[in-house]
Number of protein chains: 2
Amino acid sequence: MRVVRTVKQLREALEYMRMGGHTPIGFVPTMGYLHEGHASLLRRAGEMSSTVVMSIFVNPLQFGPNEDFASYPRDEARDLELAEREGADIVFIPGVEEMYPEPTRTTVSVSSLTTQLCGASRPGHFDGVTTVVNKLFNMVQPDYAFFGLKDAQQVAVLRRMVSDLNMNVEIVACPIVREDDGLALSSRNVYLSAEERSQALVLSRSLREVRQAMEEGTVSTADEARELIISVISASPLAVIDYVEVLTFPGLEPLAAGSRLNSAGGEIIIALAVKFGKTRLIDNNVFTPKEVHALV
Amino acid sequence: MRVVRTVKQLREALEYMRMGGHTPIGFVPTMGYLHEGHASLLRRAGEMSSTVVMSIFVNPLQFGPNEDFASYPRDEARDLELAEREGADIVFIPGVEEMYPEPTRTTVSVSSLTTQLCGASRPGHFDGVTTVVNKLFNMVQPDYAFFGLKDAQQVAVLRRMVSDLNMNVEIVACPIVREDDGLALSSRNVYLSAEERSQALVLSRSLREVRQAMEEGTVSTADEARELIISVISASPLAVIDYVEVLTFPGLEPLAAGSRLNSAGGEIIIALAVKFGKTRLIDNNVFTPKEVHALV
């Protein structure tokens, strides 16, 4: 495994792999503080690619002024161990100066997909994501790029960017990885107190319950799904709901009020963001609702 | 020479050239209705590249609602003759449906370099330029891309986009090509009546006169340069000045009022846009002012 810290070194390392015929190139962009979710991305990349590149960069552009850029957890030594163990060939760890030698005047932005969900709570966040991922794609020029579905909106937005800009890369969305008790893995889970960690289980539980209620036919509309999720989460006294939304996926269009979940004719997403203390957690389920035979 | 009309055909044609070792790839993006200026870009591309790709696409995204998108001159047969004669290997002529199968939600924009000059007169124009050139660069993945300095602001903006987004392409700026009488070549010159065509010579004449006055020491500040140009152009009764600006290049920062032209410490641009009837023409000079020894 080779660790590079400049764009020039990265391009040289990649050129060497390409010259040796070690293609396709798979790319896993991360903000580091790696966990089993990132490991699953590396493993998937390894299955599909001859060269696996991982980047570790906490991108200031995608943090709001009152967000946790400075305190975002970092542990390079542990990250490199995990990357090596999971088969990364090249790890790119640029500093902020290397990524932004001067403040960028160029912004890549995706409209309308970025106004709801986390885009509403975090203005400018997705412009920061699309701009830095665009840069990274131009540096790595990968054949595949791997992202976790925990950030499902990010997947939808990046797919749209790649399609609109004719970027020559395929976005591969990978399933959410969870702890045994259901909590979706996140680098930010480290912020949680024991009490918050325990109460945060309502997120995955609420998603499981709504799926079960749909199976049983007791929930069939978007409104009913939202209400059930809100009632489950509200049982946790520390939970402060930011949003609970039911949308088409990956178009992220709201379902009309009262319309049946299976009326969208394709995949839908049930997405939520909830604060526990200072920590904002997200979780979601993307799935295709079954045809339900009306019981008249 | 191969003519392709879809992104898929373009990528296949390029893959074939790359497999055959015909690199580097040089790219000349145009809006067609080719003239000797475009021919000079193709020749320069031929000198620097093993494969020369030209695109012809009148991009609706960079025209304002009251601009000349519908009437912009087109002549594909003549364009293909010129491209063949000047050594293009691949000509890409996509339709609007091929470039924008659905309305783009992704915009690439460069701030601050786009607020003055043509950016002020044509709001949204440069977002359209950067977005379509970004797409074309992603399709062609050229080593070099060739642009005429007549659109000097476009060159400055695209250089910044390439640098900010780490695109792996070098922007090669080529000199303005002029008629024998000095008129800068433009596809839009075809709109001019004989009388307008004749009076439009004040543009290049004003730029020559200001350069001569600088040589002679009668003009030494940005204000003096602007005043001289405005007085020369105003002698033409049909000329309606849009702007006359003196800025640093490629930073496009205004020179402080009264400051000497050689105080910028690098290249400057004298740029102008003038309407003759319905036709808006632009012209400019990019140069490094000489050190002038003060005659005290």
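None of the figures in this text is laboratory data; all of them are computed from the coordinates on show. Given the structure is predicted, the values throughout are model-derived calculations rather than measurements. No Cβ is skipped: glycine too gets one built from the backbone with ideal geometry, and neighbour counts run over all protein chains shown.
Within a 10 angstrom radius of the beta carbon, how do B:196, A:102, B:36 rank from fewest other beta carbons to most?
A:102, B:36, B:196
Using Cβ counts within 10 Å as a stand-in for footprinting exposure, how do B:276, B:69, B:146 rank, fewest first?
By the 10 Å Cβ count, ascending, the order reads B:69, B:276, B:146.
Identify which of A:84, A:245, A:47 has the largest mean-square fluctuation in a Gaussian network model of chain A, with springs joining Cα atoms closer than 10 Å.
A:47
How many angstrom separate the Cα center of region B:198-263 from the Cα center of region B:124-172?
So the separation of the two Cα centres works out to 27 Å.
Taking each label point as 7 Å beyond Cα in the direction of the beta carbon, state the distances from residue B:43 to the same residue in the other copies, shortest first, in nm.
6.2
Between region A:31-85 and region B:1-42, what's the alpha-carbon centroid distance in Å?
38 Å
For residue B:48 and residue A:2, what is the calculated FRET efficiency with R₀ set at 30 Å and r taken between the beta-carbons, to the nearest 0.05?
For residue B:48 and residue A:2, the calculated efficiency is 0.40.
In nm, what does the list of distances from residue A:22 to its counterparts in the other copies look like, shortest first, when each label sits 7 Å along Cα to Cβ?
Values, ascending and in nm: 3.1.
If each label sits 7 angstrom from Cα along the C-beta direction, how far apart, in nm, is residue A:11 from its counterparts in the other copies?
Those label-point separations list as 2.3 nm.
In percent, what relative contact order does region B:187-287 have, based on Cα pairs under 8 Å that are 6 or more apart in sequence?
29 percent
Treat the count of other C-beta atoms within 10 Å as a stand-in for reagent exposure and order A:38, A:125 from fewest to most.
So the ranking, lowest neighbour count to highest, is A:125, A:38.
How large is the charge dipole for region B:1-103, taken about the Cα centre, if only the Cβ atoms of Lys, Arg (+1) and Asp, Glu (-1) carry charge, to the nearest 20 debye?
320 debye
Dipole of chain B, Cα-centred, from +1 at each Lys and Arg C-beta and -1 at each Asp and Glu C-beta, to the nearest 20 debye?
Magnitude of the dipole: close to 340 debye.
Averaged over its residues, how many other protein chain Cβ atoms are within 10 Å of peptide A:96-106's Cβ atoms?
Mean partner-chain Cβ count within 10 Å for A:96-106: 4.
What distance in nm separates the simple spin-label points at residue B:290 and residue B:170, each placed 7 Å from Cα in the Cβ direction?
Spacing of the two 7 Å Cα→Cβ label points: 3.0 nm.
Nearest 10 degrees is fine. How inclined is helix A:125-140 to the longest principal axis of chain A, computing both from alpha carbons?
Tilt of helix A:125-140: around 40 degrees.
For the rotation taking A to B, I'd like to know which residue in chain A has the C-beta closest to the axis, plus that distance in Å.
With distances in whole Å, chain A gives A:108, 3.
Skipping prolines and chain starts, which residues have an amide H placed within reach, meaning under 5 Å, of the one on residue B:174, given they are 5 or more residues away or on another chain?
Here the answer is B:147, B:148, B:149, since their amide H atoms fall under 5 Å of that of residue B:174.
Fully extended, how many nm does the chain gain between residue A:193 and residue A:19 (0.36 nm per residue separation, minus their Cα-Cα distance)?
57.7 nm
Report the Cα-based extents of chain B along its three principal axes, largest first, to the nearest Å.
Principal axes ranked by extent give 65, 40, 38 Å for the Cα atoms.
How high is the FRET efficiency between residue A:234 and residue B:275 when r is their beta carbon distance and R₀ equals 51 Å, given to the nearest 0.05?
Efficiency, rounded to the nearest 0.05: 0.20.
At 7 Å along Cα-to-Cβ for each site, give me the label-to-label distance between residue B:163 and residue A:9 in nm.
Calculated label separation equals 2.4 nm.
Using only DSSP helix segments of four residues or longer, with each worth -39500 (n - 2.57), what per-residue ellipticity at 222 nm results for chain B after dividing by its residue count and rounding to 500?
Dividing the helical sum by the residues of chain B leaves -11000 deg cm²/dmol.
For Cα pairs less than 8 Å apart in space and 6+ apart in sequence, what is the mean separation divided by the residue count of region B:128-206, i.e. the relative contact order in percent?
26 percent
Karplus couplings for region B:219-230 from phi (6.51 cos²θ - 1.76 cosθ + 1.60, θ = phi - 60°), rounded to Hz, Gly and Pro as x?
10, 9, 10, 4, 4, 4, 4, 4, 4, 4, 4, 4
Among the listed pairs A:275/B:135; A:8/B:135; A:8/B:8; A:135/A:290; A:135/B:8, give every one whose C-alpha distance is greater than 32 Å.
The answer is A:275/B:135; A:135/A:290.
Select from region A:73-103 those trypsin sites (Lys or Arg not before Pro) which occupy a DSSP coil region and have at most 13 other Cβ atoms within 10 Å, ordered by residue number.
A:74
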